[in-house]
Amino acid sequence: SANIYDIVVSGNYAYLASSDNSRELDVINISNPAVPIRAGSLNLAGSQDSYALAINGSSLYLGRASSSAEFNVISVAVPSVPVLIGTYNYDNSILDLAVSGTNVFIASSSDSQEFSVIDVTTSTLPSLTSALDLSGNADANSLALDGSSVIIGRTSSSSDELNLLDISTVSTPILLGSADVASSVYGTAFQNSSYVFLATDATSNQWQRWSIAEPSLIAR
């Protein structure tokens, strides 16, 4: 009875980012795939939609539409009873997330920090480690993480929609290369260190494969 914007799975549970105003996080028991059952939910303050999820062990990270606390740290140690343990006021909509260790990577609607890194070493007090301002004001809709590389997909604009970053040093992310996709990119995934897959709104090629083997010459 609501829009589902993202899903992550851990063990026998699927966690849903939802537009429902009373359960922005929904927890579904999928131990019997033929009969999924709601096991729990979490009602966050406000009515902003939840757009993005990432999970690492018993910690779930949830990004929301612009509000007073767009970044949320949730304990799912007991999956049926998720508990909010920390928030960060990002001041923009968080549209996608990825996590590695104590770093959570953000793709957002911000015009000045489309990409950001949040430190969750202290889960109750997440803090901003770094941010990168990409050219133009187009939203960063999606991101994918592969080791020290991040690929970002953005809304169609005069700026390049495909961006490859180096995050070897998370405090200073570096733009390695970019490319004009000529459409909005809503999903990104690495195939390996040389290729990425894109989900776009292009009329005739919604699915695309691009070479990133040479970052300065990204090509389809």
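A few remarks follow.
- Estimated from the Cβ-Cβ distance and a Förster radius of 25 angstrom, the FRET efficiency linking A182 and A213 is about 0.75.
- Förster-model FRET efficiency, 41 Å R0, S156 and I85, C-beta, rounded to 0.05: 0.65
- Looking at the chain, the accessible area is 43 square angstrom per residue; that uses a 1.4 Å probe and ignores ligands, DNA and RNA.
- Amide H contacts under 5 Å for F115: L132, L134, restricted to partners 5 or more places along the chain or on a different chain, H placed in the peptide plane at 1.01 Å from N.
The values are calculated or read from the model by the stated rules, or taken from the named source; none is laboratory data. Computed from a predicted model, the values in this text were never measured in an experiment. When we count neighbours, we look across all protein chains shown, and the Cβ atoms used for this are built from the backbone with ideal geometry, even at glycine. Just so you know, the surface numbers come from the protein's heavy atoms only, side chains and all, with ligands and any DNA or RNA stripped out. Shrake-Rupley method; radii C 1.70, N 1.55, O 1.52, S 1.80 Å.
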